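Trainee: A single structure is presented below for examination.
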Amino acid sequence: MTNSNGARRARLPLREVSVNQDINSLPLRDRKRLQQRAALLKIALRLFRDQGFENARMEDIARIAEVSVPTVYNYFANKREVLVELLKQDRHDAQPLYDKVLANPPQSPAEALASLIHANVAIIRRPADKRLWREILSAVAKSHDREDDSFEANHRVFMGYIDRLLRHFIEAGKLSPELPLDIAADVIFAINSQNLRHLASSERSSPEKVRELARKQIGFVLDRWSVN
């Protein structure tokens with residue numbers, strides 16, 4: 001696919017914003033609204049990548065979508081809400097990958113959790129992917145203005161998967177039942193966040209390198225709680 005200048009457009013670095021197949025059972029008006037919303041999110045995603053979050057405007061989304069500015073505001077109260085919805089969609093689309101790790105986790109707790117982190121960052125490979133995620137991480141840092149906001153709710157989805165994996169290995173007798181789950185999950189989430197930032201900022205890093213590094217980091221954290 002090419003843009004108006006003839007240059008090849010990079011694959012969207014967030015998982016493609018998709019319209020749920022179940023919408024076919026909805027009334028036509030509702031289907032059209034969901035389709036319009038998905039189209040606006042795709043346009044916003046491209047703008048955040050190409051122009052940066054700070055420079056992109058709601059007016060730009062409307063112009064490219066060929067709708068009025070009030071139409072865009074009918075779907076999203078502001079640009080921050082657009083960002084939240086993009087991250088929620090990305091997390092939702094990644095959940096089958098998380099579920100796959102939980103369904104058949106590696107034998108080692110560190111390897112299993114590193115595989116979960118790999119599933120979370122696996123699409124961040126190309127320079128365009130990394131550029132967009134740098135924009136997103138910067139925007140989230142500036143917009144994350146209270147302890148329990150929409151960004152934190154999105155984080156809790158991934159935290160839930162970390163918690164489930166830790167409980168799996170406790171029940172399997174590979175981790176001590178004395179392991180403080182809340183603290184361990186917080187530390188592993190912090191490892192994920194740090195490695196995500198490094199991946200987005202480094203030309204040489206890759207999701208596979210992140211997985212290997214995370215395995216060592218998590219192994220170090222969980223070593224004292226391992227049951228031989």
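Trainee: Once you sort the root eigenvalues of the Cα gyration tensor of the stretch 28-127 as a ≥ b ≥ c, which label holds: rounded (a/c under 1.5), prolate (a/b larger than b/c) or oblate (the other case)?
Mentor: prolate
Trainee: How high is the relative contact order of the stretch 91-228, in percent, with contacts defined as C-alpha pairs under 8 Å that are six or more residues apart? Provide the component values of the computation, followed by the final result.
Mentor: Working: 119 pairs, mean separation 53.6, N = 138.
After rounding, I find 39 percent.
Trainee: Still on this structure: Rounded, prolate or oblate: which one fits the stretch 90-143, using the alpha carbon gyration tensor with axes a ≥ b ≥ c (rounded when a/c is under 1.5, else prolate when a/b beats b/c, else oblate)? Before the final figure, lay out the partial values.
Mentor: On the way: a/c = 2.33, a/b = 2.22, b/c = 1.05.
In terms of gyration-tensor shape, prolate.
Trainee: Could you work out [θ]222 nm for the chain from helices alone, using -39500 (n - 2.57) per DSSP H run of at least four and dividing by all its residues? Round to the nearest 500 deg cm²/dmol. Provide the component values of the computation, followed by the final result.
Mentor: On the way: 9 runs with 153 residues, N = 228.
About -22500 deg cm²/dmol.
Trainee: In terms of the Cα gyration tensor, with a ≥ b ≥ c the square roots of its eigenvalues, is the stretch 133-228 rounded because a/c is under 1.5, prolate because a/b exceeds b/c, or oblate?
Mentor: Working: a/c = 2.91, a/b = 1.44, b/c = 2.02.
Verdict is oblate for the stretch 133-228.
Trainee: Ignoring ligands, DNA and RNA, what accessible area per residue does the stretch 135-228 give at 1.4 Å, in Å²?
Mentor: Working: 5490 Å² over 94 residues.
Ligands and nucleic acids excluded, the figure is 58 Å² per residue.
Trainee: If you roll a 1.4 Å probe over the heavy atoms of the protein chains, what accessible area per residue do you get for the stretch 52-109, in Å²?
Mentor: Details: 3060 Å² over 58 residues.
Using a 1.4 Å probe on heavy atoms only, each residue of the stretch 52-109 averages 53 Å².
Trainee: Hey, another quick one. Work out how much length L181 to S193 would gain on full extension: take 0.36 nm times their residue separation and subtract the Cα-Cα distance, in nm to one decimal. Intermediate values should be presented prior to the final figure.
Mentor: On the way: separation 12, 0.36 × 12 = 4.32 nm, distance 1.81 nm.
Roughly 2.5 nm would be gained on extension.
Trainee: Only loop residues by DSSP count here, and only those with at most 11 other Cβ atoms within 10 Å; note down the GluC sites (Glu not before Pro) in the stretch 128-228 that meet that. Working shown, then result.
Mentor: Values: sites: E135, E147, E152, E171, E178, E203, E208, E212; in loops: E147, E178, E203.
Qualifying residues, ordered by number: E147, E178, E203.
Trainee: Points 7 angstrom from Cα along the Cβ direction at V157 and K142: gap in nanometres?
Mentor: So the label points at V157 and K142 sit 2.4 nm apart.
Trainee: Hey, any idea what % of the stretch 180-228's accessible area is carbon plus sulfur with a 1.4 Å probe?
Mentor: Values: 1550 of 3030 Å².
That share works out to 51 percent.
Trainee: Ok, one more. Measure off, as a whole percent, the carbon and sulfur share of the 1.4 Å-probe accessible area of the stretch 20-115, all protein chains present. Walk me through the numbers before you get to the answer.
Mentor: Numbers: 2430 of 5180 Å².
It is 47 percent, rounded to a whole number.
Trainee: Moving to a separate point now. I170: accessible area at probe 1.4 Å, nearest 10 Å²?
Mentor: Its heavy atoms expose roughly 40 Å² to the probe.
Trainee: Treating the beta-carbon of each Lys and Arg as +1 and of each Asp and Glu as -1, no other charges, what is the dipole magnitude of the stretch 65-222 about its Cα centre, to the nearest 20 debye? Before the final figure, lay out the partial values.
Mentor: Numbers: 22 positive and 22 negative charges, 127 e Å.
My answer is approximately 620 debye.
Trainee: Based on the Cα coordinates of the stretch 74-180, what is the per residue volume of their convex hull in Å³? Present the calculation step by step, with values, prior to reporting the outcome.
Mentor: Details: hull volume 13.4 nm³, N = 107.
For the stretch 74-180, the hull spanned by Cα atoms encloses 125 Å³ per residue.
Trainee: Among the listed pairs K79/K130; K100/K142; K32/K79; K100/K130, give every one whose C-alpha distance is greater than 27 Å. Before the final figure, lay out the partial values.
Mentor: Numbers: K79/K130 21 Å; K100/K142 33 Å; K32/K79 22 Å; K100/K130 25 Å.
From K79/K130; K100/K142; K32/K79; K100/K130, over 27 Å: K100/K142.
Trainee: Another question about this same structure. Measure of size requested: the Rg and Dmax of the stretch 178-218, with Cα atoms as the atom set and Å as the unit; please supply both.
Mentor: 11.5, 40
Trainee: A follow-up question, please. If you build the convex hull over the alpha carbons only and average its shadow over all orientations, what do you get for the chain? Give it in nm² to one decimal. If you can, show how the numbers build up before the last one.
Mentor: Values: hull surface 57.8 nm².
Computed as one quarter of the Cα hull surface, the answer is 14.5 nm².
Trainee: Quick test of the membrane-span-like rule: which DSSP H helices of the chain reach at least 15 Å along their long axis (C-alpha atoms) with mean Kyte hydropathy at least -1.0?
Mentor: Details: long enough: 28-51 (34 Å, -0.70); 79-103 (36 Å, -0.64); 109-121 (18 Å, 0.84); 127-143 (24 Å, -0.36); 150-171 (32 Å, -0.16); 181-201 (30 Å, 0.59); 207-222 (22 Å, -0.26).
For the chain, where a helix must reach 15 Å along its axis and average at least -1.0, the hits are 28-51, 79-103, 109-121, 127-143, 150-171, 181-201, 207-222.
Trainee: If you average the alpha carbon positions of the stretch 48-118 and of the stretch 119-198, how far apart do those two centres end up, in angstrom?
Mentor: When both Cα centres are located, 14 Å separates them.
The values are calculated or read from the model by the stated rules, or taken from the named source; none is laboratory data. Everything numeric in this text was worked out from a predicted model, so none of it was measured. Glycine also receives a Cβ, built like all others from the backbone with ideal geometry; neighbour counts cover every protein chain displayed. Areas reflect the complete protein model, heavy atoms only, side chains present, ligands, DNA and RNA absent. Shrake-Rupley method; radii C 1.70, N 1.55, O 1.52, S 1.80 Å.
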